[in-house]
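The values are calculated or read from the model by the stated rules, or taken from the named source; none is laboratory data. What you see is a predicted model, and the numbers here were worked out from it, not measured in a lab. For neighbour counting, all protein chains shown are included, and Cβ atoms are generated from backbone atoms with ideal geometry for every residue, glycine included.
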Amino acid sequence: MMRTARLAVLIVCAALQPAAADPFYREDLRIPATAAGPRGLEAMLLRPSGTRRYPLALISHGTPRDAAERAGMSPYGSYRQALEFARRGFAALVVMRRGYGDSGGDYAENSGPCGQRDYSLAARASVSDLRAAIDAMKGRTDVSTSGMIAVGVSAGGFATVALTSDPPAGLAAAISFAGGRGSRADNDVCDQDALVREFGVLGRTSRIPMLWVYARNDRFFWPELAHRLHAAFTGAGGRAQFIDAPSTGDDGHFLFSTAIPLWTPMVDNFLRDQNLGTRDLAAVPALAALAQPPQLGEKGRAGFSDYLSASPHNAFAVSPRGAFAYRGGRRSAREAADDALAACAGFAPDCTLYAVDDKLADKTGAGLR
C-alpha cells in the first residue's frame, strides 16, 4: 500500500453515531460466537434513528473466487444495500462470517474437493454464524427479531436459503440475490449436480416465503443452473418466487451492489405481499456538498458523483491531468485512502487525495490524527 506523506491529509473520521437530526443510526459491532473466538464476528448495524424497536434485516455477503480477497472484506461493502432496508423501516445488520474481514475463527465454509462437493458443510457453517448474529440482537432495545427478514447475495444467498430450512423464531421472509456456491470461473460451478441436490435437501424443510432474484447475464449462476436450483428447492416443498432480472453490467451476478434501482421495486412488491416493512420510505441522506476536481473529464465527473453516494470510509484520489480512482466500503478512512491512492497510481504517478469520506482532504494537516 502507498503509505506516504500524502496520507497526512486524512480528515478526522466522523463519529459512528450521526447527529440527532440525521435519519439513520450506525454502529460497529462485535458479535459473540464461540467458534469465532475472542474477536467474535465483525458487523455493522444501520437503522432509522428513532427510539422504537425495528425488525431485523440480516444481510449476508458473498464469497470471492479468490480466497485471498476474503480478509479485505468489510461490512461497509454492503452499506448501500443496508441503507435501502433501513429506509424501509428495518434494522439492517451486515455480519461477516468466520474467515471474512476482521471476524475471528477460521474459514469454515469449505465443501471439499471441486469434483466431489458436500455443500451441506458450508450450509451448516454459514447458518451457525447467522444464528449467532440473530441471538446477539435479541437483547437489544432498538432491534426486534419478531417479523425479521434475512437477505443474502451469492454464497450469502445460499446461506439465507439454508437458514430458512431450520428457521429461527421470528423469521418472516427471506430474499436471495444470485444465491449459490462453488463458482470457480465464469459459467463454471464445482459439482453442479451436488449443488442442485443440496437445494433440494434444503427445500424439504423450508417453508419461509422467499424471493429469488437472478440476472439473465449472471456469470456465476447462469439462468439454466439458477432455474435448476429453483426447481429442486420448490419441487421438494420450498416456497420461492423466482425473478429473471434483466441483464445488468458486464456480469449480472453483482446486481445487488451495482443495480439497486433495479431490485428495490422487486423487494418492495415482495415485502408488501408479506405485509412487512414500511410503505413510507425514508429519504436517502443528502450528498456532501463537495465541488468536483476541476481537472476531471466526463468519466471522472460521473465517478465523483458516484463517490459522493458511496458508503462511509471512502476516498477519492486524482492527478493534475485528471486521472482518478476512488474506493469505498472500507473498514476505515485510512484504508480507503491507501486503496484509492494505490488505484490512482496505476494511471498516473502524481495522484493525491482530493476527498476523504464527506470532506475535502485538508492539505494543511490541521486537526489530523
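Out of the residues in region 191-231 that are β-branched (Val, Ile, Thr) and more than 25 Å from residue 257 (Cβ to Cβ), which is nearest to the chain's Cα centre (by Cα)? Here the residue is 196.
Note on region 141-171: residues that are touching a residue at least 40 places away in the same chain (Cβ under 8 Å) and farther than 26 Å from residue 263 by Cα amount to 2. Just give me the residues in region 18-44 being part of a loop (DSSP other than H, G, I, E, B) and either modelled with pLDDT of 50 or more or under 20 Å from the mean Cα position of the chain (by Cα) (or both), in sequence order. Within region 18-44, 21, 22, 23, 32, 33, 37, 38, 39, 40 qualify. What's the number of the condition residue 276 fails, among (1) at pLDDT 95 or above; (2) within 15 Å of residue 83 (Cβ to Cβ); (3) part of a loop (DSSP other than H, G, I, E, B)? With (1) at pLDDT 95 or above; (2) within 15 Å of residue 83 (Cβ to Cβ); (3) part of a loop (DSSP other than H, G, I, E, B) applied to residue 276, the lone miss is (2). Taken together, the residues in region 45-62 that are within 17 Å of residue 107 (Cβ to Cβ) and assigned to a strand (DSSP E or B) amount to 1. Taking region 232-262 as the range and being among the hydroxyl-bearing types (Ser, Thr, Tyr) and not in a helix (DSSP H, G or I) as the test, the residues that pass are 247, 248.
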